Amino acid sequence: MERTISLERLVDGVLTELEKRIAAAASPGGDEAGGMPLAPVDLFGPAASRVPDPKWEEGVNELIAATPARIGVWRAGTRPLTREMLKFRCDHAAAVDSIYGQVSPAILEQYGLFTVETRYENTENYLKRPDMGRIVTDEGVEKIRSACRMNAQVQIVVSDGLSASAVDANLRDVYPALLDSLKAYGLSAGTPFFVRGGRVAVMDHIGDILQPEVFVLLIGERPGLVSSKSMSAYMCYRPRKGTVESDRTVISNIHQGGTPPLEAGAHIGTVVKKMLEQRTSGVNLDL
Amino acid sequence: MPDQWITSVGIDIGTSTTKMIVSRLKLTRTSSALSLPRYDIVERELLYASPIHGTPLLGEDEIDAERIGELLSQDYEKAGISPRDLKTGAVIITGETANKKNASRIVHLLAERSGDFVVATAGADLEGLLAGKGAGADRRSMHTRGAVANLDVGGGTANVAFFARGKPAGTVTFHVGGRLIQVDPAGTIEAVSPSLRPWLEASGFAISPGQTVGFPLLREICAAMCRDMLDYLARCALPAGGKETIRKLMLGDPLPSVPVLEEWTVSGGIGGLMAAKAPDSLAETAVHGDIGPLLAHALRQCCERYPIRLAQPDQTVRATVIGAGMQSTEISGATVHLDASLLPIRNLPVLKLDISPHMLAREALLKEAAAGVMRTAASLFEQDASPPFALALSGMKHCSYESLQWLSDALAERFREAFPASRAMVVVCENDLAKALGQSLDRRCGGRPGIVCIDQIRVEYGDYIDLGEPISGVMIPVVVKTLAFHNRTVGGTHA
């Protein structure tokens, strides 16, 4: 009986502490638009070895520093430590939230991005029917036709894809850096907008409508337990219905812990310039 | 871009010998196709190693430049290589040769004559590091828990480099070398290097040129020299430099702390002689007219007295030249901003600005830090040098677009204020940021000054760097010349 009580107390203690920290983490950022506080990753502090009495402490730390994978997490009997288990569930919850979340309207407004939708209908359907995320609704097509410049040199489109938080976390760095880079190369961008419920190949449909030379799609990636805020930049020379995947060029894993967002934005400009010079993209592009 | 080979040369002008090597370095993309491009040197191939030439001198204190030039032209010819093919490499003057009166002029002359981008280097710290890498001590340390030291013992100095888990962990230099005492087979002392005299005196050895000495005395001197050096390295003489004679044997200051060694290797001419049979007489000792063979034997015997494993180095007599030729070059990140008309740039001093996340998030702090570093630069470097220095930036892993704008504003404005005549501004970032920052600076400066902004190169305040010409237009070879581990403020901000 003694043991049961102490275990319950332990769990209570951990939960109280967690609540306190979440409250503390959420309160100062009152200006943060979008409302729902996504689980702050640093709630658990930086990754550190949980191995008691390691034979070689520096060696363990070296390995932990070399990977975001969950290593050196130790165990209690045959089970994970409470803290590691909670961290795992927290990361999993963040991944789920990023799929079901919405991109902050403030960001879209900041960069003057109007919104169109694909035929995805809702998130459940979006997950089951990727094909519906590749077609813009009729209403959306009208909006694009009336608002956008045709035949742009570079057409930039932003989409939530599988992670709305990827857009929230990275667009403020990637997008302006990309615009600067295009300007530095003397390239002109068309009218940008946001696609809700988009899949990568939605660029083919939009390409048919707007006929840009090069298409840049900044889209949220499938979230994982390491990062739920990872963005990809898919680029394609003259995308159209029937474009094959090998014709697309991608820079992936754009987030604070992966491909640095600023440098990615600056480099997309270089890739776009090469596409325009070589009039091709994907595997045929010589980078 | 397919794999690329670049040809690299190493030239080592030492106290007693001069040698050169030609090698080629293979550059391969090491990042995935979905990431930003990143290239690394993945293979190093030795193409030609020259014979070991005696270092030609004109008298006591001057290097025979003409003769060195001749030797090198012969070697280039034998290697079947034209200096024009060389894309990188280093010329280094080591040991006591560096004290000769025309040393610095010669090393620069050779560097410029040897190709587009061959750099001149000097300094015992760098020499020790390059020898350690040439001997393979950095690689060995990846397989051990404790540190590995390489002792590169040549004619004039012993350059010791420590490596821990593959990274340099310090260097220290001793007046220990085979040619510091020159002696003929009859035991007549022909010369005693001035750098060794204080130690000889402090240790109670009275020898001077013209005097005739016996084999036992020379053996005793060599043993004492080795013991003092190894006592220091094995941390048997703590506190550092506690023993008077050890301080006299050291060139420069002792290290703040000596790493705990698991293994050591001995390279250099003396390292090469260690496997030879021990000399039993003056005649066997003085085959080169100095104490080299005896010192090598004493060192081997002395090493056995410590609980530290003596390992075989990859290279002995050629460790420094191999290090200079094959290990001195690094490759910048492949997303950088280059004004190719400004390259190559040689011998640029580094000033460092460490940026904390706290600073990065606050406009006023960031701008003040940038202004501060430019004020420091203005007081340290010449107004009319172009570029006057390289600004190293670290701590910017999580830089936002907004912070980048603040930083670029301040750097561009303050640099032009402090160095209005400079046609070039050089920035070296530790984090992958150079293309974004370079474009940002360039937009503000409009070509005046032109911007060279590279990344993924780690430099410290007090280093010198050389920047080569672009490879495939996207990256450059860089040689970082570390001058000192001592007196370095760890993580300090020089703003």
Residues to consider are A:Gly282, A:Gly207; find the one that is touching a Lys or Arg at 6+ places or on another chain (Cβ under 6 Å), over 17 Å from A:Val174 (Cα atoms) and within 14 Å of chain B (Cβ to nearest Cβ).
A:Gly282
Apart from one, (1) over 30 Å from B:Leu46 (Cβ atoms); (2) in contact with a Gly (Cβ under 6 Å, 6 or more places away or on another chain) all hold for B:Tyr232; the odd one out is (2)
With respect to the numbered conditions (1) within 22 Å of A:Arg149 (Cα to Cα); (2) more than 14 Å from chain B (Cβ to nearest Cβ); (3) buried (at least 18 other Cβ atoms within 10 Å of the Cβ), which one is the sole condition not fulfilled by A:Arg238?
(3)
Selected residue [in contact with a helix residue (DSSP H, G or I) (Cβ under 8 Å, 6 or more places away or on another chain) and within 14 Å of chain A (Cβ to nearest Cβ)] from B:Leu36, B:Leu109:
B:Leu36
Residue that is farthest from the other protein chains (Cβ to nearest Cβ) [pool: residues in the stretch B:46-70 that are part of a strand (DSSP E or B) and surrounded by 13 or more Cβ atoms within 10 Å (Cβ to Cβ)]
B:Leu57
Can you tell me which residues in the stretch B:416-450 are in a loop (DSSP other than H, G, I, E, B), touching an Asp or Glu at 6+ places or on another chain (Cβ under 6 Å), within 14 Å of chain A (Cβ to nearest Cβ) and small (Gly, Ala, Ser)?
none
Residue in the stretch B:395-415 that is charged (D, E, K, R), away from every other protein chain (no Cβ under 14 Å) and out of contact with any Ser or Thr (no Cβ under 9 Å at 6 or more places or on another chain) present:
yes
The lone exception for A:Glu117 - which of (1) exposed (fewer than 15 other Cβ atoms within 10 Å of the Cβ); (2) farther than 21 Å from A:Gly257 by Cα it fails:
(1)
Can you confirm whether B:Ile465 is under 21 Å from B:Thr329 (Cβ atoms), within 14 Å of chain A (Cβ to nearest Cβ), crowded, with 24+ Cβ neighbours inside 10 Å and among the aliphatic types (A, V, I, L, M)?
no
Hey, any hits in the stretch B:359-377 for a residue that's away from chain A (no Cβ under 13 Å), part of a loop (DSSP other than H, G, I, E, B) and touching a residue at least 40 places away in the same chain (Cβ under 8 Å)?
no
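Residues are listed down the side, and each one gets a yes or a no for (1) outside the structural domain of B:Asp354 (by TED's automatic domain parsing); (2) farther than 30 Å from B:Ala161 by Cα; (3) out of contact with any Ser or Thr (no Cβ under 6 Å at 6 or more places or on another chain); (4) at pLDDT 95 or above:
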{"residue": "B:Met425", "(1), (2), (3), (4)": "no, yes, yes, yes"}
{"residue": "B:Lys435", "(1), (2), (3), (4)": "no, yes, no, yes"}
{"residue": "B:Ser440", "(1), (2), (3), (4)": "no, yes, no, yes"}
{"residue": "B:Gly447", "(1), (2), (3), (4)": "no, yes, yes, no"}
{"residue": "B:Gly473", "(1), (2), (3), (4)": "no, yes, yes, no"}
{"residue": "B:Arg488", "(1), (2), (3), (4)": "yes, no, yes, no"}
{"residue": "B:Gly491", "(1), (2), (3), (4)": "yes, no, yes, no"}
Checking B:Val287 against (1) crowded, with 18+ Cβ neighbours inside 10 Å; (2) of a type in the set (Val, Ile, Thr); (3) farther than 29 Å from B:Ala90 by Cα: exactly one of these is not met. Which one?
(1)
Any residue at all in the stretch A:100-115 that is part of a helix (DSSP H, G or I), under 30 Å from A:Ile206 (Cβ atoms), within 14 Å of another protein chain (Cβ to nearest Cβ) and modelled with pLDDT of 90 or more?
yes
Condition (residue is more than 25 Å from B:Thr245 (Cα to Cα), at pLDDT 90 or above, of a type outside the set (Lys, Arg) and crowded, with 24+ Cβ neighbours inside 10 Å) applied to the stretch B:162-175: is it met by at least one residue?
yes
Look at A:Thr270 and say whether it is within 8 Å of another protein chain (Cβ to nearest Cβ), buried (at least 24 other Cβ atoms within 10 Å of the Cβ) and of a type in the set (Val, Ile, Thr).
no
Qualifying position, being modelled with pLDDT under 90, out of contact with any Asp or Glu (no Cβ under 8 Å at 6 or more places or on another chain) and of a type in the set (Val, Ile, Thr), among B:Ile92, B:Ile63
B:Ile63
Within the stretch B:383-394, considering residues that are of a type in the set (Gly, Ala, Ser) and part of a strand (DSSP E or B), the one farthest from the other protein chains (Cβ to nearest Cβ):
B:Ala390
Test each condition in (1) at positive phi; (2) modelled with pLDDT under 75 for A:Gly77 and report the one that comes out false.
(2)
Within the stretch A:241-257, tally of residues that are more than 8 Å from chain B (Cβ to nearest Cβ) and closer than 20 Å to B:Ser400 by Cα:
3
Quick one: would you say A:Gly72 is loosely packed, with under 13 Cβ neighbours inside 10 Å and either on the phi > 0 side of the Ramachandran plot or of a type in the set (S, T, N, Q) (or both)?
no
Report yes if A:Ala166 is closer than 30 Å to A:Leu15 by Cβ, within 16 Å of the chain's Cα centre (by Cα) and not assigned by TED's automatic domain parsing to the domain that holds A:Pro52, otherwise no.
yes
Please name all residue pairs, on different chains or six or more residues apart, with Cβ atoms under 7 Å, provided the first residue is in the stretch B:143-171 and is in contact (Cβ under 8 Å) with a residue 12 or more places away in the chain and within 14 Å of chain A (Cβ to nearest Cβ) and the second residue is of a type in the set (Phe, Trp, Tyr) and surrounded by 24 or more Cβ atoms within 10 Å (Cβ to Cβ).
B:Ala147/B:Phe162; B:Ala147/B:Phe163; B:Ala169/B:Phe162; B:Ala169/B:Phe163
Only one residue in A:Ser163, A:Ser188 is more than 14 Å from every other protein chain (Cβ to nearest Cβ) and free of Cβ contacts under 8 Å to residues at least 40 places away in the same chain. Which one?
A:Ser188
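The values are calculated or read from the model by the stated rules, or taken from the named source; none is laboratory data. These figures come from a predicted structure and were not determined experimentally. Quick reminder, even Gly has a Cβ in these numbers, built from the backbone with ideal geometry, and neighbours come from all protein chains shown.
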